[in-house]
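Comments concern the structure below.
The values are calculated or read from the model by the stated rules, or taken from the named source; none is laboratory data. Since the structure is predicted, the reported quantities are computational estimates derived from the model, not experimental observations. Neighbour counts are summed over all protein chains in view; Cβ atoms, including those assigned to glycine, are modelled from backbone coordinates with ideal geometry.
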Amino acid sequence: MKNRLDLNLQMVENILVDFLREEVHKVGFKKVVLGISGGIDSALVAYLAAKALGPENVLGIMMPYKSSSKESLDHGKLVIDSLGINSKLVEITPMVEPYFQMNPDMDGLRKGNRMARERMCILFDHSAKEKALVLGTSNKTEILLGYSTQFGDGASAINPIGDLYKTQVWELSRYMGIPSQLIDKKPSADLWEGQTDESELGFSYNLADEILVRLIDERYTPEEVIEEEFPEDIVKKVMKKIIYSQYKRKLPVIAKISPRTIGREFRYPRDWGV
């Protein structure tokens, strides 16, 4: 029986490479910039971008904090070296630490959000400097679960992997020959020692994707998913995360005054002839 999450990997690679090339070039750009975290999502985006635009037109920026693991930095360098893309190292500790010291009550979530937004500020600054578009590296699972920082890692000009579930990111990465060290390690935002995505979420990506593909792509009700013997508490938790993170997937809600309000009557996905 065919797995619901199976992909024609060659076709998907071709689509995403063409997507990047077309979306970058049609608005007058040649270059892109992205954050290289040492994780599989940013690695896959870097591989796709290098194939679409040429490694000379891709800038990968590593932005560690003082508690970032050495492994993350090593894996980021591995991606950069294997592709031959341009790179830069920007240490964010001196940027965010003064704010942390001014707010000693900050918990891990607030600190993580602050660091994510600082990193995105750096990327957008370099996009202006290099005349390059910022690439997003959030996958479909993260976006649906709200596991991203609004205007932080959730921000970008173009996102080539936002319609790939995490398990599909792993599969496409294997197909494209990304080093196994990045694919096989436990996903982590690297916010503190020992932190992993799945421990924070409370369930595995494999389980989440099987539930999400039914809820989102196949439009099952939560009750229908539970009937397939998925854990009721996890299904309800996933559904709750989808609902309560909807605001992250929308433009800011604008109060309606005129006949055609942005985000309501005026919401055509037009390219205006470019």
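Quick notes on this structure:
- The set of residues in the stretch 90-123 that are farther than 17 Å from residue 136 by Cα, within 20 Å of the chain's Cα centre (by Cα) and not small (Gly, Ala, Ser) comprises 90, 92, 109, 110, 111, 114.
- First in the stretch 181-193 and under 13 Å from residue 169 (Cβ atoms), second anywhere and in a helix (DSSP H, G or I) and at pLDDT below 90, Cβ under 6 Å, 6 or more apart: 187/197
- Residue count, the stretch 39-75 (criterion: more than 24 Å from residue 14 (Cα to Cα) and buried (at least 16 other Cβ atoms within 10 Å of the Cβ)): 10
- Candidates 125, 105, filtered to the one that is of a type in the set (D, E, K, R) and not in a helix (DSSP H, G or I): 105
- Restricting the stretch 8-29 to residues that are without any contact (Cβ under 8 Å) to a residue 40 or more places away in the chain and either β-branched (Val, Ile, Thr) or within 29 Å of residue 73 (Cβ to Cβ) (or both), the residue that is surrounded by the most Cβ atoms within 10 Å (Cβ to Cβ) is 17.
- Residue 141 vs. criteria surrounded by 21 or more Cβ atoms within 10 Å (Cβ to Cβ), part of a loop (DSSP other than H, G, I, E, B) and of a type in the set (S, T, N, Q): no
- The stretch 1-92 holds strands (runs of 3 or more DSSP E) entirely within its bounds, and those carrying 1 or more residues that are within 20 Å of residue 187 (Cβ to Cβ) map to 31-35, 58-62.
- Of the numbered criteria (1) of a type in the set (S, T, N, Q); (2) assigned to a helix (DSSP H, G or I); (3) at pLDDT 95 or above, the one residue 206 fails is (3).
- Selection from the stretch 217-257 of residues that are assigned to a loop (DSSP other than H, G, I, E, B) and either farther than 27 Å from residue 155 by Cβ or of a type in the set (Val, Ile, Thr) (or both): 218, 219, 220, 221, 228, 229, 230, 231, 253, 254, 257
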